[in-house]
1. Tell me which aspartates and glutamates have Cα within less than 20 Å of residue 63's Cα, excluding those fewer than 8 residues away on the same chain?
2. Please get the size of the charge dipole for the chain, origin at its Cα centre, with Cβ charges of +1 on Lys and Arg and -1 on Asp and Glu, quoted in debye to the nearest 20.
3. Hey, any idea what % of the range 1-119's accessible area is carbon plus sulfur with a 1.4 Å probe?
4. Within the chain, what's the longest stretch lacking chymotrypsin sites (Phe, Trp or Tyr not before Pro) that sit in DSSP loops with no more than 12 other Cβ atoms inside 10 Å?
5. How high is the relative contact order of the chain? Use alpha-carbon pairs under 8 Å, at least six apart in sequence, and give a whole percent.
6. If you roll a 1.4 Å probe over the heavy atoms of the protein chains, what accessible area per residue do you get for the chain, in Å²?
7. Within the chain, what's the longest stretch lacking trypsin sites (Lys or Arg not before Pro) that sit in DSSP loops with no more than 16 other Cβ atoms inside 10 Å?
Amino acid sequence: MCPGSAIGYKAAKIAAEKLNIGLSKDEEILAIVENDSCAVDSIQVVLSCTFGKGNLIFKDYGKGVYTIIDRKTDKSIRLSMKESFNPMKINPKFTELKGKERNQTITNEEKKVTPKINIRNM
């Protein structure tokens with residue numbers, strides 16, 4: 001469970017809607033991602049852009065920015081979040097537990113509670 005996954009999912013769905021595209025069967029859709037967060041996992045799943053097919057390009061700029069290109073129509077969309085948006089600030093308890101999870105200090109009881117915490121709509 002991760003806010004980044006939700007962000008990538010939403011970005012991919014917006015791109016698919018605006019460009020009128022679905023899964024990339026070959027290399028007709030290209031995704032350029034500017035970070036290596038879990039958002040990229042969602043983009044891979046929703047659009048079927050992968051490193052193996054060569055239609056997922058990673059530019060390490062550390063930005064929540066995703067460019068999706070439809071090579072068939074030559075149309076593209078570049079999606080980014082407002083700098084002021086921080087998904088980890090939506091629910092302080094979720095942020096605290098995810099930090100403990102990363103630091104490997106989370107208890108078994110807290111592990112059970114973490115997926116149930118509402119991170120609300122992003």
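1. List returned: 34, 36, 41, 83.
2. Numbers: 21 positive and 15 negative charges, 82 e Å.
It works out to roughly 400 debye.
3. On the way: 3800 of 7520 Å².
The nonpolar share, carbon plus sulfur, comes to 51 percent.
4. Counting only loop sites that pass the neighbour cut-off, the longest clear stretch is 1-50.
5. On the way: 172 pairs, mean separation 30.0, N = 122.
Taking the mean separation of contacting Cα pairs over the length of the chain, I get 25 percent.
6. Numbers: 7900 Å² over 122 residues.
Heavy-atom accessible area per residue stands at 65 Å².
7. It runs 83-119.
The values are calculated or read from the model by the stated rules, or taken from the named source; none is laboratory data. Since the structure is predicted, the reported quantities are computational estimates derived from the model, not experimental observations. For neighbour counting, all protein chains shown are included, and Cβ atoms are generated from backbone atoms with ideal geometry for every residue, glycine included. Just the protein is used for accessible areas: all its heavy atoms, side chains included, with ligands, DNA and RNA removed. Shrake-Rupley method; radii C 1.70, N 1.55, O 1.52, S 1.80 Å.
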